[in-house]
1. Conditions: (1) among the hydrophobic types (A, V, I, L, M, F, W, C); (2) in a helix (DSSP H, G or I); (3) surrounded by 12 or more Cβ atoms within 10 Å (Cβ to Cβ). Leu35 meets all but one. Number of the miss?
2. Check whether at least one residue in the range 6-19 is touching a helix residue (DSSP H, G or I) at 6+ places or on another chain (Cβ under 8 Å), on the phi > 0 side of the Ramachandran plot and at pLDDT 75 or above, and report yes or no.
3. Across the range 14-32, what is the number of residues that are more than 14 Å from Leu52 (Cα to Cα) and either part of a helix (DSSP H, G or I) or not hydroxyl-bearing (Ser, Thr, Tyr) (or both)?
4. For the range 48-76, how many residues are modelled with pLDDT of 85 or more, under 13 Å from the mean Cα position of the chain (by Cα), in a helix (DSSP H, G or I) and surrounded by 11 or more Cβ atoms within 10 Å (Cβ to Cβ)?
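The values are calculated or read from the model by the stated rules, or taken from the named source; none is laboratory data. As the structure is a computational prediction, the values presented were derived from the model and not from experiment. Glycine also receives a Cβ, built like all others from the backbone with ideal geometry; neighbour counts cover every protein chain displayed.
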Amino acid sequence: MAYFENGTASERLDKTCRTCPLGSRICPIYLAQNLFNFDQVHEGNEMIMRCLHFFVDDDGVCQIKKLIEEQVSAVCPSRE
C-alpha cells in the first residue's frame, strides 16, 4: 500500500479506481488504503506495510486492477 501524505498524493489511485471494472462497488483495496494509509507508517507495522504493497505500490498503482485488466485482455483481446 502506498503512503500518501495528502489528497493530492493519492490522485493516481483515485483516477485508477474511477476506471476499475468493479465500478461503483466498494473495493476492499481502496477501503484498506483509505482506512489504514496513515496507520501503516507507525513503528511496529513494517510487516503489514510490506504485505499491503502487494495491493497498491509506492506509485499508487492498484495491482489488483492491473491483474484484472491483464486477465481480461488475455481472454478478450481487443480487435484492431
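1. (3)
2. There is no residue in the range 6-19 that is touching a helix residue (DSSP H, G or I) at 6+ places or on another chain (Cβ under 8 Å), on the phi > 0 side of the Ramachandran plot and at pLDDT 75 or above.
3. Number satisfying all stated conditions: 12.
4. Residues meeting the conditions: 5.
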